[in-house]
1. Applying the selection to region 73-109, what residues are polar (S, T, N, Q) and buried (at least 16 other Cβ atoms within 10 Å of the Cβ)?
2. I'd like the full set of residues that are in a strand (DSSP E or B) and either at negative phi or surrounded by 22 or more Cβ atoms within 10 Å (Cβ to Cβ) (or both), limited to region 157-171.
3. Which ones in region 104-120 are touching a residue at least 60 places away in the same chain (Cβ under 8 Å) and touching a Ser or Thr at 6+ places or on another chain (Cβ under 8 Å)?
4. Going through Val112, Val34, Val41, Val15 one at a time, which residue ends up being more than 30 Å from His399 (Cα to Cα), in contact with a Phe, Trp or Tyr (Cβ under 8 Å, 6 or more places away or on another chain), of a type in the set (A, V, I, L, M) and not in a loop (DSSP other than H, G, I, E, B)?
5. Looking at (1) within 28 Å of the chain's Cα centre (by Cα); (2) within 30 Å of Asn506 (Cβ to Cβ), which one does Arg104 not meet, given that it meets all the others?
6. I need the full set of residues from region 577-607 which are surrounded by fewer than 19 Cβ atoms within 10 Å (Cβ to Cβ) and of a type in the set (Ser, Thr, Tyr), in order please.
7. Any idea which of Leu448, Leu477, Leu441, Leu483 is farther than 30 Å from Phe372 by Cα and surrounded by fewer than 22 Cβ atoms within 10 Å (Cβ to Cβ)?
8. Quick one: how many residues across region 221-231 are crowded, with 16+ Cβ neighbours inside 10 Å and either among the β-branched types (Val, Ile, Thr) or over 16 Å from His257 (Cβ atoms) (or both)?
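The values are calculated or read from the model by the stated rules, or taken from the named source; none is laboratory data. Keep in mind the model is a prediction, meaning the values are calculated, not measured. All Cβ positions, even for glycine, are placed from backbone atoms using ideal geometry, and neighbour counts span all protein chains on display.
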Amino acid sequence: MYTVALQPTPALTWVSVGGILDLYVFLGPDPQSVVRQYLQVVGYPMMPPYWSLGFHLCRWGYHTSNETRSVVQRMHMHNFPLDVQWNDLDYADKRRVFTFDPQRFGDLPDMVEEFHQRGMKYILILDPGISSTSPKGTYLPYEDGQRRGVFIRNATGHTLIGKVWPGRTAFPDFTNPETILWWRDCIQSFHSTVKLDGLWIDMNEPANFVQGSVDGCPDSDLEAPPYTPKGVIGGQLNVGTLCMSAQQNLSTHYNLHNLYGLTEASATYRALLEVRGRRPFVLSRSSFPGIGRFSGVWTGDVRSDWEQLRYSVPAVLQLGLSGMALAGADVCGFGGDTTEELCVRWMQLGAFYPFMRNHNDRPNAPQEPYVFGQRAQAAMRRALNQRYSLLPFLYTLFHHAHTSADTVARPLFLEFPNDPNCQTIDRQFLWGPSLLISPVLEPGVVELAAYLPAGTWYSLEDVSIDTSLSNHLGQYLLLPAPLDTINVHVREGHVIPQQEPALTTNASRSNPFLLTVALSPRGWASGDLFWDDGDSMDTFHTGEYCYVLFIAAQVGKTSSLMQNGGLSRLVLGGLRVFGVPSRPVSVWANGLRVLDFTYRTDTKVSRGPGRI
């Protein structure tokens with residue numbers, strides 16, 4: 001633990017509690033190179049399963065399996081895409097992980113199978129605290145863990161007991177190889193009954209409702225060092241967590257505390273891979289450099305207010321710069337009641353988080369999309385459909401992050417390092433190099449001042465008017481932003497692969513593809529598509545994928561199949577080209593003339609509807 005102060009010279013002052021401090025200096029020369037060099041040290045982000053890029057819905061307060069079912073039914077009945085339904089700790093018997101309540105969730109396995117029949121996935125919460133007070137012979141995770149010596153020990157060598165949701169709890173030591181095997185066995189046993197698709201590892205700082213342990217902690221410099229950073233309560237490092245003197249396999253908890261979430265994420269990723277045999281999905285609250293290799297992250301229990309909406313943009317971007325590509329914030333907020341306008345704007349912004357989940361706390365008013373008025377529902381539905389249409393593009397960005405250390409959601413300065421205006425912008429961001437997202441972050445806004453870097457930008461959605469915005473030096477422009485709109489612009493010279501949306505990614509993946517081509521003033525554009533089965537491990541290394549390179553030039557558009565991993569033929573169902581200076585004389589595809597294309601002289605957009 002340390003504090004860092006930025007000096008005006010410029011210089012950095014580091015003040016550390018203690019321990020060993022290793023410094024790495026990445027010289028760039030540009031910001032994107034710095035990120036790549038950093039990720040070469042901590043590891044590239046994992047490749048997420050395709051379904052995990054869809055919309056996720058959770059609440060601490062879905063009290064029964066029938067209530068959870070009803071949420072899914074109402075979402076799809078109101079035509080809202082939903083890929084993954086979650087349960088918080090409501091499902092667990094006496095709040096003990098690796099169990100489910102026999103009365104309220106007695107048919108949990110059947111419910112999960114019903115979701116699978118819908119083409120959906122299911123995730124539940126998994127806290128590390130293991131209940132230590134169950135009657136003998138009734139809770140195998142604790143008894144087996146004690147036999148195998150997997151729990152963190154106190155200074156006297158006995159199992160350290162803290163207190164979390166189920167009461168008195170022991171904490172697994174994920175630096176112990178035996179714990180890795182025990183954790184896998186627990187997950188495998190539970191999965192044999194409940195066919196979950198991913199795991200949400202929460203409370204893994206590790207959080208503790210008592211200071212250190214139920215028996216306290218030894219009086220030592222490890223617990224209360226001579227120096228503690230500002231904000232540490234009472235100068236004690238063990239407040240809200242474990243004793244720093246607690247013993248783990250590799251060292252004291254003092255030396256390993258910040259690694260707890262990382263080691264748990266690694267163990268959970270490995271366990272899911274063995275148990276399911278498919279690409280794992282893990283979401284972790286605690287994080288550390290390198291956790292992006294195993295897990296997605298979110299920004300924690302944010303409040304339902306405009307300030308938290310606003311701060312979520314730089315928070316998600318910072319996580320992305322740190323190698324945590326699959327990142328997001330709780331859409332509409334977790335704590336407190338949201339409002340209709342706030343939830344609409346958060347759904348629009350959340351549609352462009354790399355990871356999108358609506359999560360709500362028990363005391364709050366419901367915030368599922370279908371509970372709001374018709375106008376709000378239409379705006380939310382539009383945002384979700386927009387996200388689902390762009391999933392092929394988003395998935396391709398994740399492929400580049402996984403294989404080349406690119407960023408998915410990125411700040412403007414990363415793409416435009418020589419534009420001084422971009423250095424301070426944290427209210428807008430990019431997907432890859434080519435999509436500019438400008439969300440509304442304050443109430444009552446119907447117009448938005450957005451910065452467009454140098455070049456030509458085309459509105460992604462509104463093709464009924466002249467959508468091109470050109471500038472040579474970069475400038476702020478006032479854009480219309482009614483309640484049903486989030487401004488998204490395509491950068492000149494890029495091709496965006498899309499797909500007709502559906503209620504699940506399982507369905508949308510079968511739909512025809514669409515291409516949006518944004519020509520540069522010289523009549524050129526390029527893009528690509530990475531496509532595999534979306535769920536198998538290491539498809540890039542085994543060659544079980546398709547990779548298509550799109551190139552548009554003044555003579556026409558071509559596509560080159562760079563890699564064909566034996567997947568079924570991809571069908572192009574539509575094409576639109578921005579920036580066409582005059583009406584094409586003719587359009588040809590695969591040697592055949594296309595008759596049903598259109599061209600508008602006012603917008604300079606050419607479209608080819610239907611399969612071509």
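1. Gln85, Asn87, Thr99
2. Those that are in a strand (DSSP E or B) and either at negative phi or surrounded by 22 or more Cβ atoms within 10 Å (Cβ to Cβ) (or both): Thr159, Gly162, Lys163, Val164, Arg168, Thr169, Ala170.
3. Leu108, Pro109, Arg118, Gly119, Met120, listed by residue number.
4. Val15
5. Tallying (1) within 28 Å of the chain's Cα centre (by Cα); (2) within 30 Å of Asn506 (Cβ to Cβ), Arg104 fails exactly one: (1).
6. Result: Ser582, Ser586, Thr598, Tyr599, Thr601.
7. Exactly one residue qualifies, and that residue is Leu477.
8. Residues meeting the conditions: 1.
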